[in-house]
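In what follows, a single structure is set out as structure tokens and then discussed.
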Amino acid sequence: MDKIRETIIVIPAYKPSERLISLVDEISGLGYRVLVVDDGSGQESEEIFNSVRRISRTRVLTHEVNLGKGAALKTAFNFIHNQDIGFNYIVTLDADGQHLVSDMQRVAEASWRHPRWLILGSREFDKDVPFKSRLGNKITRTVFRMISGRAVNDTQTGLRAFNRVNLSNFLEVEGTRYEYEMNVLMSCKKYDIEIMEVPIETVYLDAKNSDSHFHPVRDAVRIYGNIIKFAGASFISFLADYLLFIIFLPLLSGLTYGVVIANVAARVLSAILNYTLNSKAVFKDDQPAAKTLPKYIALAAFILAANSVILGFFTGVLGIYPQLAKILTEILLFIISFSVQSLLIFGKKRDRSVGRVVWTQPGK
């Protein structure tokens, strides 16, 4: 019972159905405090949130406009972080009724036993799961494993639990919409947070999962936004490298090592461009160049050396055709470069601010 009093349940909600009322009522009935965030649902949902406010041990925070699931979670986390109210464990779950309260309890208990870990309520994605959910999770878990080196079965689950010791770290994670939860998983390696998955029931209320506000294209772009921007910056730098080489070549053709000098000069300038793009546009880092540039140069030197070594391994040891080996080498080095820059070079303190919030009094 003491652990229940130390645990607060966070539910971000956008235009929820009446199922939210029964969900909060059941959770409150177990003795938990509940923090619901109305993410700009508007007047059409006002009666539902008024009913939620009347439930004991419940508080509702309200965004005046829709800011996204990530922003709603950060609003709740900020509130908990800034209040001396004795909550040591935070459990998040979705408002659409897909998470059973019994599963929420099991995830909370796992967090009590492993207070420094991030606990995920993990669903099984079999043929009965709606196609867009199956597809979205398969893509995200594959990308997550390639970049982080960790295998997570359910990267999109909203049922999560963690101790207050990790609250500050998760407040620093970038993102305001569905990409935030993926970014939290990505940040665990940086903050040395272990991840545990607890199997839960897979509940969908209809074949189309119509209560979900996840858009498979728009939100996928947000989730993979940094990867897409990173690839774009790499391509722009490649074009710059090639064009600069073409420009320098005739100017230096009279020198003994004119071709080598042209190639090196083009590489140096394109590397500076790539560093600037990644620092300012991709990872939006605000650290001084004196801190990040030496790391970037070391990574660039490693990538240059590793290119030949890995290519030689693929062709000489594994016997892969050179054309295919080159592609595999570039893909592998792309993943390594993105991961190192994201986690080690351009990691930074994030802005914790969210949009304006209206506070409402909790139920008695």
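Taken together, the values in this text are just the output of simple stated rules run on the coordinates, not laboratory data. Computed from a predicted model, the values in this text were never measured in an experiment. Don't worry about glycine lacking a Cβ; one is built from the backbone with ideal geometry, like all the others, and counts go over all protein chains shown.
Can you pick out the pairs among LYS74/LYS229; LYS15/LYS74; LYS69/LYS229; LYS229/LYS284; LYS138/LYS280 whose Cα atoms lie more than 20 Å from each other?
Values: LYS74/LYS229 24 Å; LYS15/LYS74 18 Å; LYS69/LYS229 22 Å; LYS229/LYS284 11 Å; LYS138/LYS280 31 Å.
In this structure, LYS74/LYS229; LYS69/LYS229; LYS138/LYS280 exceed 20 Å between Cα atoms.
With a cut-off of at most 13 other beta carbons within 10 Å, and DSSP calling the residue loop, which GluC sites (Glu not before Pro) in the range 21-84 qualify? Please list them.
When the GluC sites (Glu not before Pro) of the range 21-84 are filtered for loop state and at most 13 Cβ neighbours within 10 Å, GLU64 remain.
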Practice item. Within the range 255-335, report the trypsin sites (Lys or Arg not before Pro) that DSSP leaves as loop and that have at most 15 other Cβ atoms within 10 Å. Key: LYS284
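Pull out the extension gain between VAL264 and PHE235, defined as 0.36 nm times the separation in residues minus the alpha carbon to alpha carbon distance; nm, one decimal.
Details: separation 29, 0.36 × 29 = 10.44 nm, distance 1.82 nm.
Stretched fully, the VAL264-PHE235 segment lengthens by 8.6 nm.
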Practice item. Between GLU64 and LEU324, take the C-beta separation as r, use R0 = 41 Å, and let me know the FRET efficiency to the nearest 0.05. Key: 0.15
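Please report the relative contact order for the range 1-84, taking Cα pairs under 8 Å with a sequence separation of at least 6, and give it as a percent rounded to a whole number.
Details: 128 pairs, mean separation 27.3, N = 84.
The value is 32 percent.
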**Study point:** Measure of compaction for the range 226-345 (Cα Rg per 2.2 N^0.38 Å)
**Key:** 1.17
Study note, to complete from the structure: Expected sort for 101-107, 74-80 on mean C-beta neighbours within 10 Å, highest first, is 74-80, 101-107
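R0 = 22 Å: FRET efficiency of ARG150 with ARG113, Cβ-based, nearest 0.05? Write down the numbers at each step before the final one.
Details: r = 20 Å, r/R0 = 0.92.
Between ARG150 and ARG113 the formula returns 0.60.
Given a cut-off of under 8 Å on Cα pairs at least six residues apart, what relative contact order in percent is computed for the range 226-345? Before the final figure, lay out the partial values.
Values: 70 pairs, mean separation 28.9, N = 120.
Relative contact order here is 24 percent.
Restricting attention to the range 168-199, which GluC sites (Glu not before Pro) occupy a DSSP loop and are surrounded by at most 14 other Cβ atoms within 10 Å? Before the final figure, lay out each step's value.
On the way: sites: GLU172, GLU174, GLU179, GLU181, GLU194, GLU197; in loops: GLU172, GLU174, GLU194.
Passing sites in the range 168-199 are GLU194.
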